[in-house]
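So the structure is just underneath, and the comments pick up after that.
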Amino acid sequence: MSEQLDRAADELVAQFGEGGRIVGATAPGRVNLVGGHTDYNDGFVLPAAIDRRTAVAARARDDETIRVYSADFAEAATFELSKLDPPDAAEWVDYVKGVVAELRAVDGGEAVRGAELAIVGDVPRGAGLSSSAALELAVGGALVTAFELDVDRRSLADLAWRAETEFVGLDCGIMDQYAVALCEADAALFLDCRDRSTELVPFDGDRARIVAVDTNVEHELVDSAYNDRVRECARGVDLLDDRLDAEIGSLRDVSPAALNAHADALPETIRRRCRHVVSENERVRRAAAALREGDFTAVGELMFDSHESLRGDYEVSCAELDLVVDVARETEGVYGARLTGAGFGGSVVSLVAPEAVAEFEAAIRREYPERTGVEPDIYDCDVVGGYAVER
Ligand code: GLA
């Protein structure tokens, strides 16, 4: 077992006692190189998994009780399989319940029984690095293994996404669960969020590092603004659909030229939201092509452009994120940087020449606290593999 899973297994024994067969799974956090707010518009994204993981150890029980311990929260919870009601607020245990509920739905409710689970991990929470998808996939993987269920990675990603959207009740696209489930080491995942086809694009970590800077701010706007953006995009689709000859199902079907030609059909705000999504899809395609060529300079430029579009047209940035991106722009050897995740705080992902990482970190540590009064967290990341099970 990996060291992290060993710790999870130790926690399981410490909390719930010796005995039985302990299995487990781990799942990483992710960054998204380009493709902000495109996933719920049927568009493209380019995430990569980072070397911060959540590990879940599991042991089956003979009854209908799930007992789960989170080392991170130093909290235990117990629930019955017969009482899996969607929550009012999203606590950590609700993600566990959601995955259990969805697994039981897939399986007709037969094979998943009671279990003991212990969770350990180091994916930063609330940092826009997908700690919730990591938790969902690691819990799902541990249960699938404990009960020997026949659920492949993609199905587990779909199921984890339903756990978050339908059970926990948080709106999100499919990027995070797919990235966490399907990423592989030394590659970014070019994902088409419409047909869910994927391509692994090699990422040479000797030539560029991924540095995530957590601003350690999270503005309250995040959930309501996310939902507003989803609605604004849907409104754009309705208005454009009335105008365009061909039927459109989402902004994915709108080319930059078509948007330009029919811009007058859209109110100002909706027009800018649509312009971001339509142009961002182009940027993801171009970034994937550049990455295939190993052209980090071109990928980085597209990241800076993406940030500018998210800031100006989509309006999901904030002063702290902009500051980190500005420092990135001014630091030699930083190819590119943009906000990753939903925005309004969380992290900036940057692509940095290995020899420039120390200077970039130093510049952030100098300038960011001075101008915000907040200490950032900085992660120099390896690009690792996604979800993994251990028996
Ligand atoms: C959050 C959501 C994702 C995606 C991003 C924005 O991370 O969970 O599905 O929409 O925001 O790109």
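Below is a table of values for the structure above.
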quantity: Hypothetical label at D171: residues of the stretch 40-58 whose amide nitrogen lies under 15 Å (7 Å Cα-Cβ projection); calculated: 40-42
quantity: For the chain, with +1 on Lys and Arg beta carbons and -1 on Asp and Glu, the positive-most of V68, V389, P87 along the dipole; calculated: V389
quantity: Average accessible surface area per residue within the chain, 1.4 Å rolling probe, Å²; calculated: 40
quantity: Inter-label distance for R243 and T65, nm, one decimal - labels placed 7 Å from Cα along Cα-to-Cβ; calculated: 6.2
quantity: Loop-located trypsin sites (Lys or Arg not before Pro) in the stretch 61-153 whose Cβ has at most 13 other Cβ within 10 Å (DSSP); calculated: K83
quantity: Fraction of antiparallel bridges per DSSP, the chain only, in percent to nearest 5; calculated: 90
quantity: Heavy-atom accessible surface of the stretch 237-312: percent carbon and sulfur, 1.4 Å; calculated: 42
quantity: Mean separation of Cα contacts under 8 Å (6+ apart) over length of the stretch 209-381, as relative contact order %; calculated: 34
quantity: Antiparallel bridge percentage (DSSP; both residues within the stretch 209-381; nearest 5); calculated: 100
quantity: 222 nm mean residue ellipticity, helices alone, for the chain (DSSP H n ≥ 4; -39,500 (n - 2.57); rounded to 500); calculated: -13500 deg cm²/dmol
quantity: Neighbourhood charge, 12 Å Cβ-Cβ cut-off, centred on A188 and excluding it, Lys, Arg +1 and Asp, Glu -1; calculated: -2
quantity: Overall dimensions of the stretch 209-381 by Cα: Rg and Dmax, Å; calculated: 17.5, 54
quantity: Charged-residue dipole, Cβ positions (Lys, Arg, Asp, Glu), the chain about Cα centre, Debye nearest 20; calculated: 340
quantity: Alpha-carbon centroid distance for the pair the stretch 339-386 / the stretch 109-135, whole angstrom; calculated: 25
quantity: Distance between the stretch 169-185 and the stretch 1-43 - C-alpha centres, whole angstrom; calculated: 13
quantity: Relative contact order (%) - the stretch 143-260, alpha-carbon pairs under 8 angstrom, separation at least six; calculated: 13
quantity: Kyte-Doolittle at least 1.0, axis length at least 18 Å by Cα - qualifying DSSP helices, the chain; calculated: 131-146
quantity: Radius of gyration and Dmax over the Cα atoms of the chain, both given in Å; calculated: 21.1, 68
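The values are calculated or read from the model by the stated rules, or taken from the named source; none is laboratory data. The shown structure was predicted, so the numbers you read here are calculated from the model rather than taken from an experiment. We place every Cβ from the backbone using ideal geometry, glycine too, and count neighbours over all the protein chains shown. The accessibility values were calculated without ligands, DNA or RNA, using every heavy atom of the protein model including side chains. Shrake-Rupley method; radii C 1.70, N 1.55, O 1.52, S 1.80 Å.
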